[in-house]
Structures are given as structure tokens and as C-alpha cells.
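Worksheet: one structure, shown below.
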Amino acid sequence: MIVVEGGKFTTSRSLAKKVVNKIISKNSFQNNKTNSKKIFLKGCEIPNFCEFVLQKQMKYNNLQPNWVDFLCKSYGTEIDNLMEIYNSSEHYKKILNRDGENLAQVVYAIKYEMARSLTDIVQRRTSIAQTGDCSQEIIQIIADVAAKELKWSKEFNQNKIEDFWQQTTLPKME
């Protein structure tokens, strides 16, 4: 058994290569060269990222350029799907932090990334938790959008909010 732990998203391709090489060396598999270095992940099919960002900044000129840059880095070629949601409702255009994260991202996470919990949306599908923008007001707004999309009852929604705060609040020092 080979166990891998402690990997980082930014080094996952390199880590995966090492794991596959270890598996090949420990077994009698024929050593085939990998071609994964040439295969883009979904959303990353961008040969010239700077040019891509400039094009998206011109296309979405109703947003601040630094917001579009952030969204390009987060969604890559999927930014157009996100912006379709963004433009479908004034409510989804609500900006949640200085990076330009918005409520459309909550809907995107549910529709395209199979997010099913408030914690998943806030901690993993957006950067809101990482930037320290988790005010009670923002979490309530995000939870309400998730509740509508996922058809949660008011009671279930409140439980999800309480679960989120329980999981993310640091214990008080005595």
C-alpha cells in the first residue's frame, strides 16, 4: 500500500508523477512515459493567460479589472459560465469582498461543482473564508442563496449556518 498525504494543490501534478513512478517501480508494470504535462485541466486551456485576462476584462467591463483578473484565475475558461449566472439576476451581482467574489459563485458551485453544504461553498468553492470576509451578514446571504438553490427549509438552512460557525470558529482562550 502506498499512502500519500500532505500534498498541496499547487504541487499535485508533481506529487502524482512521483506516486505513479513509485507504483511502477514497486510492481511489474511496463514503464510508460506520462503525457499529463501536455493535458490541461478543465478551465485551464489557456495558452496565453495575460491575453485571456485582457479579453475578459474588455468583455466584462462592467466589473473592476482586478475582479475580472481574480475570477479568471479562479475559473479560467469557465468564467463565461459564471458570468452567465452573474448576469441572470441583479441579486447574483452582489459583491462579497474586495476580490470581487459574488453570489453568482455560490450558484456556480452548486450547479457546476456539486457543492452541497455551506461550509463547502465558503471554504472550498470560494475564497471568502481564506480572506477573512466571513461576517455573519455575508454568511447569511450566501446561505440564503444556497438554501434556495438546494431547496433547504428555513430550519435546515439555520442548522447549516450553525454548523458552519461551529466548524470555523476558533475556541476561546480562558
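The values are calculated or read from the model by the stated rules, or taken from the named source; none is laboratory data. The model shown is predicted, which means the values in this text are computed figures rather than measured ones. Don't worry about glycine lacking a Cβ; one is built from the backbone with ideal geometry, like all the others, and counts go over all protein chains shown. What goes into the accessible areas is simple: the full protein's heavy atoms, side chains included, and nothing from ligands, DNA or RNA. Shrake-Rupley method; radii C 1.70, N 1.55, O 1.52, S 1.80 Å.
Among the lysines, which have Cα under 16 Å from the Cα of LYS38 when same-chain residues fewer than 8 positions away are ignored?
Correct list for LYS38: LYS17.
Can you pull the percent of the chain's accessible area that's carbon plus sulfur, 1.4 Å probe, other chains left in place?
Working: 6350 of 12080 Å².
About 53 percent, which is the carbon plus sulfur part of the accessible surface.
Mind checking the log10 I(q)/I(0) for segment 80-174 at q = 0.13, 0.14, 0.15 Å⁻¹? Debye, one equal scatterer per Cα, no solvent, two decimals.
One equal scatterer on each Cα of segment 80-174 leads to -0.41, -0.47, -0.54.
Roughly how many debye, to the nearest 20, is the charge dipole of the chain about its Cα centre, given +1 on each Lys and Arg Cβ, -1 on each Asp and Glu Cβ, and no other charges?
On the way: 25 positive and 20 negative charges, 216 e Å.
In debye, rounded to 20, the chain gives about 1040.
I'd like the orientation of helix 65-75 relative to the chain: the angle between its Cα long axis and the longest Cα principal axis, in ° from 0 to 90, rounded to 10.
Approximately 50 degrees, to the nearest 10.
Within segment 80-124, name every residue whose backbone N is under 12 Å away from a label modeled 7 Å from Cα of ILE46 along the Cβ vector.
The answer is 80, whose backbone nitrogens lie closer than 12 Å to the label point.
Just want to confirm a number: the relative contact order over the chain, from Cα pairs under 8 angstrom separated by 6+ residues, in percent. Before the final figure, lay out the partial values.
Details: 129 pairs, mean separation 21.5, N = 174.
12 percent.
How long is the gain from LYS73 to GLN30 if the chain were fully straight, where each residue apart is worth 0.36 nm and the alpha carbon distance is subtracted?
Values: separation 43, 0.36 × 43 = 15.48 nm, distance 3.74 nm.
Answer, rounded to one decimal: 11.7 nm.
Over 29 Å between Cα atoms, which of LYS93/LYS160; LYS111/LYS154; LYS56/LYS151; LYS56/LYS94 qualify? Let's see the in-between values first.
Details: LYS93/LYS160 23 Å; LYS111/LYS154 21 Å; LYS56/LYS151 33 Å; LYS56/LYS94 19 Å.
Pairs exceeding the cut-off: LYS56/LYS151.
Using packing as a proxy for protection, rank 22-30, 39-47 so that the peptide with the highest average count of other Cβ atoms within 10 Å comes first.
Most protected by this proxy first, the peptides run 39-47, 22-30.
Leaving out ligands and nucleic acids, note down the accessible area per residue over segment 102-174 with a 1.4 angstrom probe, in whole Å².
Numbers: 4440 Å² over 73 residues.
The answer is 61 Å² per residue.
Among ASN157, VAL107, SER89, flag the residue with its Cα farthest along the positive direction of the charge dipole of the chain, charges on Cβ as +1 for Lys/Arg and -1 for Asp/Glu.
With unit charges placed on the Cβ atoms, the residue in question is VAL107.
Mind checking which aspartates and glutamates have their Cα closer than 20 Å to the Cα of LYS26? Skip sequence neighbours fewer than 8 apart in that chain.
Cross-link targets: GLU5.
Once you have the Cα-Cα distance between THR169 and MET58, take 0.36 nm times their residue separation minus that, and quote the gain in nm to one decimal. List each step's numbers first, then the result.
Working: separation 111, 0.36 × 111 = 39.96 nm, distance 3.99 nm.
Stretched fully, the THR169-MET58 segment lengthens by 36.0 nm.
What are the equivalent ellipsoid semi-axes of segment 16-70, built from the alpha-carbon gyration tensor (square roots of five times its eigenvalues), in whole angstrom, biggest first? Walk me through the numbers before you get to the answer.
Values: eigenvalues 334, 22, 9 Å².
Result for segment 16-70: semi-axes of 41, 11, 7 Å.
Test of understanding: express the Cα radius of gyration of segment 1-157 as a ratio to 2.2 N^0.38 Å, with N the residue count.
Output field value: 1.27.
What whole-number value in Å² describes the accessible area per residue of segment 36-75 for a 1.4 Å probe? Provide the component values of the computation, followed by the final result.
Working: 2930 Å² over 40 residues.
Per residue, segment 36-75 has 73 Å² of solvent-accessible surface.
Along the charge dipole of segment 1-128, Cβ charges K/R +1 and D/E -1, which of GLN57, ILE2, ILE121 sits furthest on the positive end?
Positive-most Cα among the choices belongs to ILE2.
Given Cβ point charges of +1 (Lys, Arg) and -1 (Asp, Glu) and nothing else, what value in debye, to the nearest 20, does the dipole of segment 28-91 about its Cα centre take? All intermediate terms of the calculation are to be shown ahead of the outcome.
On the way: 7 positive and 7 negative charges, 94 e Å.
So the dipole magnitude of segment 28-91 works out to roughly 460 debye.
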